[in-house]
Amino acid sequence: RNFHSGYMLCILAARMLAHLRDGWRELKQGRPGHRFQDRYQRGREGAACGTVKKWSLIVGGVFLIVAGIVLLPLPGPGMLVIALGALMMAEESRASAKALDWIEAKTRKLLGR
């Protein structure tokens, strides 16, 4: 029984890592200033997204953003946690995807890229 539970946990972790890796590749290959909206749109073209999944990602994203803000004064990954929360929200929210594309465009302009 314990072996089966551990095996299932490993499979779940491997799938999550593969999903994250594929998502990162997709974002890197996307058009700057449009990559998050494009990813959002591709997600709408696939299988129907359940309401529970949608709201879980949005609420989870908000939670991570708040946790990241709390962590900002401490040494550590506060900005990374905020970015992960924003990415989670952008998976299911067109407004979040647009906001991330806007932030990316402004950041690129500021950095001259």
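The values are calculated or read from the model by the stated rules, or taken from the named source; none is laboratory data. None of the values given here were measured: they were computed from a predicted structure. Using ideal geometry, Cβ is built from the backbone for each residue, glycine included, and neighbour counts are taken over all protein chains shown. The protein model used for the area step is the full one, side chains on, heavy atoms only, and it has no ligands, DNA or RNA in it. Shrake-Rupley method; radii C 1.70, N 1.55, O 1.52, S 1.80 Å.
For the condition under 24 Å from R25 (Cβ atoms), at pLDDT below 90 and outside any helix (DSSP H, G or I), what is the one hit in R108, R113?
Numbers: R108 fails: outside any helix (DSSP H, G or I).
Answer to the check: R113.
Helices (runs of 4 or more DSSP H) fully within the range 1-98 that include at least 3 residues being among the aromatic types (F, W, Y) and at pLDDT 80 or above: none found. If you check I58 against the conditions, is it touching a residue at least 12 places away in the same chain (Cβ under 8 Å) and either touching a strand residue (DSSP E or B) at 6+ places or on another chain (Cβ under 6 Å) or open to solvent by 80 Å² or more (accessible area, probe 1.4 Å) (or both)? The answer is no for I58.
Tell me which residues, restricted to the range 73-102, are open to solvent by 80 Å² or more (accessible area, probe 1.4 Å), more than 15 Å from the chain's Cα centre (by Cα) and not aromatic (F, W, Y).
P73, L74, P75
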